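What follows is one structure encoded as structure tokens, with my remarks underneath.
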Number of protein chains: 2
Amino acid sequence: MKILDGRKLKSEIATSLKNEIDSFVNNGKNCPKLVIIQIGDNPVSNIYIKQKMNFAEQIGAKAVLEKFDEKVSSDIVVAKIKELNLDNSVHGMIVQLPLSAHIDLPNILNEIKPEKDVDGLGAINIHKLVRDDKTGIIPATARGIITLLEKNDIEIAGKNITVIGRSLLVGKSLSLSLINKNATVTTCHSKTKNLFQFTKNADIIISAAGKPGIINDDMVSENQIIVDVGITKTEDGNICGDVKLDKKTVAAISPVPGGVGQMTVASLFLNLFDTYKNQ
Amino acid sequence: MKILDGRKLKSEIATSLKNEIDSFVNNGKNCPKLVIIQIGDNPVSNIYIKQKMNFAEQIGAKAVLEKFDEKVSSDIVVAKIKELNLDNSVHGMIVQLPLSAHIDLPNILNEIKPEKDVDGLGAINIHKLVRDDKTGIIPATARGIITLLEKNDIEIAGKNITVIGRSLLVGKSLSLSLINKNATVTTCHSKTKNLFQFTKNADIIISAAGKPGIINDDMVSENQIIVDVGITKTEDGNICGDVKLDKKTVAAISPVPGGVGQMTVASLFLNLFDTYKNQ
């Protein structure tokens, strides 16, 4: 059973990005700069932000945290985004999710200049994704999963792919990206009846349900590729994915941790490097 | 074999919209007003525009055609859209497709104020569709197909629906709408291998391939619902759909002509009536 090793691939991407950025900097250019907007002090967000800051440092990019109080008004956040839109030294920005309920997320996302929207979640980039306009920025998790497959020489075009999940962040943006890459995509979710009917015959299963064990021995067939996007914290403080195979083996599988989560960080910086080159 | 009669349903929607609009007008309100922007003189577009103008007249709404020369610049069209955005007497506008190549369609679509974008094809409404934000306007063809199913008491939630096509206008916006309505959706297209695998076991097949006969006896099973969105002009000047069944029967089918095409016009005015009530 081949392991789709996100940690290893992330490290290869880091090396390659570092080389490319070095050569820009050696030619007198500034390095790429990402601004991370955080509202409040969610401990899980703090961990993800730390990972992003560390990766930036590793590749020779700059990542700056703009942290706001939990109770900040949307107006103040929007004013900061407008300032960053105009700042030529900033090549990309993201809003660390989740946001507290009093902030209108889509409005905030849509204030980010599409060319700097490196999470690819604003209306203009999502519109481009739906229209298959290649100038758009693909949401980081979707790009991470696609990169994980492609770099492991797993073909996407013409394949029968079952995606479990329908969020903006993963399920829908991933389904759209895979359709654009010529896969036949079945999008399943909590209201899907007889899920195994859709997983058993798939070439590739991508599970972003956040439900440990939803992909088990009964759901899979040998020769399948399984990508596990689930991240659930267990009672003992560890994290586990959606996949739990006891008896069966498949052709390839991405582990949790060390799979897609790693790729999301790397892809964010692949997106940043694209916007950097375009600006 | 039940016929999903778009013509009859369109006429029922017309009656119901007329009654509702009459009661607004009798209370001293202006009637709903749609502006259709046409660039050039495409004869097929002329037919569709005529259908829309006729439907508007039938329901007591106003439809105004703003026709531009084939060679008009985007700037002039955008200036008109900006004027219409500010005009409180206009409740909705659409750009009649297809556009000639020199006009950047997404830019034009995104100039239309989202609250007046009654074709639902601009970035803000597509973003809402992807996020399942119910305040968005659903693209008219997708809404037409969903209305055709629902008004014929065909359940969507929990069903296994295969959509053939991946355009912004139909395939993708329809797939997204159906996912939002809790269907499990498989999106197929020209690069799908073994299409019959995905059609045979579906509860509902919706074909928007524009390829006559792509859905034939070998592709279907009894008890299925088939919605035919294909419109192809044959050599003898008639139009035909994607479905050609010689021996088999299914539970229900929408005819071409007289099926989805009729519903698209009706749904455009359902969208217009929604924006009218909201403005």
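The values are calculated or read from the model by the stated rules, or taken from the named source; none is laboratory data. Being a predicted model, the structure only gives us computed values, none of them experimental. Glycine also receives a Cβ, built like all others from the backbone with ideal geometry; neighbour counts cover every protein chain displayed.
For the reader, a short list of remarks on this structure follows.
- Candidates B:Ser207, B:Ser177: the one that is among the small types (Gly, Ala, Ser) and closer than 22 Å to A:Lys193 by Cα is B:Ser177.
- On inspection, A:Met219 fails the criterion of being within 25 Å of A:Ala183 (Cα to Cα) and touching a Gly at 6+ places or on another chain (Cβ under 9 Å).
- Any hit, region B:224-234, residues being out of contact with any Pro (no Cβ under 8 Å at 6 or more places or on another chain) and more than 30 Å from A:Arg166 (Cβ to Cβ): yes
- Residue in region B:242-253 that is away from every other protein chain (no Cβ under 14 Å), in contact with a helix residue (DSSP H, G or I) (Cβ under 6 Å, 6 or more places away or on another chain) and under 27 Å from A:Leu174 (Cβ atoms) present: no
- Scanning region B:80-110 for residues that are within 13 Å of chain A (Cβ to nearest Cβ) and not in a loop (DSSP other than H, G, I, E, B) gives B:Leu105, B:Pro106, B:Asn107, B:Ile108, B:Leu109, B:Asn110.
- The lone exception for B:Ile36 - which of (1) assigned to a helix (DSSP H, G or I); (2) under 18 Å from the mean Cα position of the chain (by Cα) it fails: (1)
- Considering B:Ile179, B:Ile164, the condition of being closer than 19 Å to B:Ser254 by Cα and in the same structural domain as B:Thr232 (by TED's automatic domain parsing) is satisfied by B:Ile164 alone.
- Of all the residues in region A:235-279, those that are among the acidic types (Asp, Glu) and either touching a residue at least 60 places away in the same chain (Cβ under 8 Å) or crowded, with 24+ Cβ neighbours inside 10 Å (or both) number 2.
- Selection from region B:151-167 of residues that are touching a His at 6+ places or on another chain (Cβ under 8 Å) and either facing another protein chain (nearest Cβ under 9 Å) or modelled with pLDDT under 95 (or both): B:Arg166
- Looking across region A:247-279, the residues that are more than 27 Å from A:Ile59 (Cβ to Cβ) and not in a strand (DSSP E or B) come down to A:Lys247, A:Lys248, A:Thr249, A:Val250, A:Ala251.
- Selection from region A:143-173 of residues that are touching a residue at least 40 places away in the same chain (Cβ under 8 Å) and in a helix (DSSP H, G or I): A:Arg143, A:Gly144, A:Ile145, A:Thr147, A:Leu148, A:Leu149, A:Lys151, A:Leu168, A:Leu169, A:Val170, A:Ser173
- The residues listed here are A:Val44, A:Val130; of these, the one that is closer than 26 Å to A:His189 by Cα and modelled with pLDDT under 95 is A:Val44.
- Residue in region B:168-224 that is surrounded by the fewest Cβ atoms within 10 Å (Cβ to Cβ), counting only those that are within 14 Å of chain A (Cβ to nearest Cβ) and touching a Cys at 6+ places or on another chain (Cβ under 7 Å): B:Leu195
- Filter pass, B:Val77 being surrounded by fewer than 19 Cβ atoms within 10 Å (Cβ to Cβ), among the aliphatic types (A, V, I, L, M), in contact with a strand residue (DSSP E or B) (Cβ under 8 Å, 6 or more places away or on another chain) and within 12 Å of B:Ile39 (Cα to Cα): no
- Scoring B:Lys82 on the criteria (1) surrounded by 17 or more Cβ atoms within 10 Å (Cβ to Cβ); (2) over 16 Å from the mean Cα position of the chain (by Cα); (3) touching a residue at least 24 places away in the same chain (Cβ under 8 Å) leaves a single failure, condition (1).
- In region B:116-138, of all residues being in contact with a strand residue (DSSP E or B) (Cβ under 8 Å, 6 or more places away or on another chain) and not in a loop (DSSP other than H, G, I, E, B), the one that is farthest from the other protein chains (Cβ to nearest Cβ) corresponds to B:Lys116.
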